[in-house]
Amino acid sequence: MNASAFSVAAGPCSAESQETVDLCAQANSRLGIKYLRAGAYKIRTSAEAYEGEGRQAVEWVTQAAKKYDLRSIIECVDVSHLDEYEHVDIIQIGARNMYNTPLLRATAGSQKTVLLKRAFSATVDEWLKAAEKLDAAGADKIILCERGIRTFETSTRFTLDLAGALIAQRKSGLEVWADPSHASGDALLVPALSSAIYASGLDGLMIEAHPTPKKAKSDSRQTVSLSELDLLFAKLKN
Ligand code: PEP
Ligand code: MN
């Protein structure tokens with residue numbers, strides 16, 4: 001694997017404040033991480049859970065990406081929000097929306113790169129069929145992202161399916177990334193899984209990072225600090 005061809009995206013689960021986003025973007029820029037990920041509209045399991053800063057968050061992320069010369073990745077959860085994503089580089093379709101055909105088609109029509117996460121209940125073939133819908137609807141570029149599937153195992157939040165991701169890469173010819181944060185739900189596992197993803201021959205990595213993970217309003221337990229990101233990234237390339 002050519003190290004320079006391997007893509008890394010990092011950033012908070014949710015863009016909670018301009019300061020959080022700015023500190024993450026600054027860290028990425030310092031480390032040579034080219035993509036800034038962050039959520040704006042969050043789909044959560046509980047009705048009381050934090051759902052993100054919405055339109056404001058999209059602005060913070062796109063502004064920070066511009067300031068630090070990074071490419072922004074933000075999930076879109078609703079067709080009616082797409083006009084807010086004009087300055088976003090890569091639109092993410094989240095695991096919970098992989099089957100949402102109207103959203104796939106509308107996103108593909110935006111002429112932007114689309115990062116399609118695998119639903120945690122989807123077979124590789126179902127995931128690839130969702131990518132075919134994006135392609136048929138004229139998506140400019142498609143990136144697939146494995147983020148863990150639901151299995152009988154409960155010691156991790158989901159189960160990282162590296163083999164399935166490699167099959168998806170082989171069958172589709174598309175770039176396939178993997179997300180060790182959502183797959184494991186455990187910040188302590190993220191460095192080792194990141195190294196495994198890199199070594200596997202996949203094309204990229206998406207990591208949740210935050211200046212103070214304990215204070216993150218969503219996915220705190222799986223989020224690495226910026227110094228942990230630094231260590232993890234340095235180790236990845238050796
Ligand atoms: C995310 O990346 O912020 C996210 C919500 O991931 P997933 O859709 O994989 O759960
Ligand atoms: Mn998250």
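The values are calculated or read from the model by the stated rules, or taken from the named source; none is laboratory data. Small disclaimer: the values here were computed from a predicted structure and weren't measured. Backbone-built Cβ (ideal geometry, glycine too); neighbour counts: all protein chains shown.
Quick one: what pairs do we get from the range 109-126, first residue under 15 Å from residue 82 (Cα atoms), second in a loop (DSSP other than H, G, I, E, B) and modelled with pLDDT under 95, C-beta under 8 Å, 6+ apart or different chains?
Once the first residue is under 15 Å from residue 82 (Cα atoms) and sits in the range 109-126, its partners that are in a loop (DSSP other than H, G, I, E, B) and modelled with pLDDT under 95 give 111/140; 112/140; 113/140; 114/140.
Going residue by residue through the range 79-101, is there one that turns out to be touching a strand residue (DSSP E or B) at 6+ places or on another chain (Cβ under 9 Å), over 27 Å from residue 45 (Cα atoms) and part of a strand (DSSP E or B)?
No: zero hits.
Looking only at residues that are within 14 Å of ligand 1 (Cβ to nearest atom) and among the aliphatic types (A, V, I, L, M) in the range 22-40, which one is surrounded by the most Cβ atoms within 10 Å (Cβ to Cβ)? First the steps, then the outcome.
Step one: list which residues in the range 22-40 are within 14 Å of ligand 1 (Cβ to nearest atom), which gives 24, 35-40.
Those still in the list that are among the aliphatic types (A, V, I, L, M) too: 36, 38, 40.
On the way: 36: 28, 38: 33, 40: 26.
Ranking the candidates gives 38 first.
Name the single residue, out of those in the range 214-229 being charged (D, E, K, R) and part of a loop (DSSP other than H, G, I, E, B), that is farthest from ligand 2 (Cβ to nearest atom).
Ranking the qualifying residues of the range 214-229, first place goes to 217.
I'd like the full set of residues that are touching a Phe, Trp or Tyr at 6+ places or on another chain (Cβ under 7 Å) and free of Cβ contacts under 8 Å to residues at least 60 places away in the same chain, limited to the range 193-232.
202
Name the one entry in 19, 51 that is among the charged types (D, E, K, R), surrounded by 16 or more Cβ atoms within 10 Å (Cβ to Cβ) and modelled with pLDDT of 95 or more. Break it down stepwise before answering.
Working: 19 fails: surrounded by 16 or more Cβ atoms within 10 Å (Cβ to Cβ).
One residue alone meets the criteria, 51.
Report yes if some residue within the range 175-185 is more than 14 Å from the chain's Cα centre (by Cα), away from ligand 1 (no atom under 15 Å from the Cβ) and either outside any helix (DSSP H, G or I) or not charged (D, E, K, R) (or both); otherwise report no.
The answer is no, given that none of the residues of the range 175-185 is more than 14 Å from the chain's Cα centre (by Cα), away from ligand 1 (no atom under 15 Å from the Cβ) and either outside any helix (DSSP H, G or I) or not charged (D, E, K, R) (or both).
Would the range 165-184 turn up any residue that is within 16 Å of ligand 2 (Cβ to nearest atom), under 22 Å from residue 15 (Cβ atoms) and surrounded by fewer than 21 Cβ atoms within 10 Å (Cβ to Cβ)?
no
Is there any pair linking a residue in the range 19-43 that is under 19 Å from residue 91 (Cβ atoms) to one that is within 16 Å of ligand 2 (Cβ to nearest atom) and among the charged types (D, E, K, R), with Cβ under 6 Å and at least six apart or on different chains, and which?
Within 6 Å, the pairs are 39/75; 42/51; 43/96.
In the range 196-208, which residue that is in a helix (DSSP H, G or I) and farther than 18 Å from residue 35 by Cα is farthest from ligand 2 (Cβ to nearest atom)?
Checking each candidate, the answer is 199.
Go through the range 44-61 and give me each residue that's of a type in the set (D, E, K, R) and touching a residue at least 40 places away in the same chain (Cβ under 8 Å).
44
For the range 149-174, which residues satisfy the criterion of being in a loop (DSSP other than H, G, I, E, B) and either hydrophobic (A, V, I, L, M, F, W, C) or in contact with a Lys or Arg (Cβ under 7 Å, 6 or more places away or on another chain) (or both)?
Within the range 149-174, 152, 158, 160, 174 meet the criteria.
For residues that are in a loop (DSSP other than H, G, I, E, B) and basic (Lys, Arg), scanning just the range 118-148, find the one that is surrounded by the fewest Cβ atoms within 10 Å (Cβ to Cβ).
147
For the range 44-58, indicate whether the set of residues that are touching a Gly at 6+ places or on another chain (Cβ under 8 Å) and closer than 22 Å to residue 178 by Cβ is non-empty.
No, because not a single residue in the range 44-58 is touching a Gly at 6+ places or on another chain (Cβ under 8 Å) and closer than 22 Å to residue 178 by Cβ.
Where residues in the range 175-211 are in contact with a Lys or Arg (Cβ under 7 Å, 6 or more places away or on another chain) and among the acidic types (Asp, Glu), which of them is nearest to residue 27 (Cα to Cα)?
Among residues in the range 175-211 that are in contact with a Lys or Arg (Cβ under 7 Å, 6 or more places away or on another chain) and among the acidic types (Asp, Glu), the one nearest to residue 27 (Cα to Cα) is 179.
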